[in-house]
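Each value in this text was obtained by applying a stated rule to the coordinates, not by laboratory testing. It should be emphasised that the depicted structure is a prediction, and the values quoted were computed from it without experimental measurement. Glycine also receives a Cβ, built like all others from the backbone with ideal geometry; neighbour counts cover every protein chain displayed.
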Amino acid sequence: MLRTPIPNADERREWPRYRAAPKIELFVEANGQRHRCALENLSLGGACLSFPGNDMPSKAKFRLSLPDIGLVRMERRWRDGELLGVLFDYSDASLAFVQDCLRRIMTTGDEMAQAEP
């Protein structure tokens, strides 16, 4: 069951974050190069992606191209080792991407799809 995190006055996030368990494998594109990554968690506004071996895009803006959804533009917000926080462009494609990921998360098992604080 999905649950909403407890409100925290110090929390800067606008939307709840949902852990992807198991992680969802993706490829992002930047400067004509593909970079393999995994979705760690996501919210309506953005996501945390992990890049094995720190093979992440050097540009601040990059994209995710999905055949059934379209082009999702992302912008780097923070980095911590192999983890990269990104902000979505709030397009129809990004909303469809979030919806698709949440559907996948919810079908992997109720105990896995929990909102993170």
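Summarising the label geometry, the points placed 7 Å from Cα in the beta-carbon direction at LYS59 and ARG34 lie 1.7 nm from one another. Mean separation of Cα pairs under 8 Å and 6 or more residues apart, divided by the residue count, gives the stretch 17-112 a relative contact order of 26 percent.
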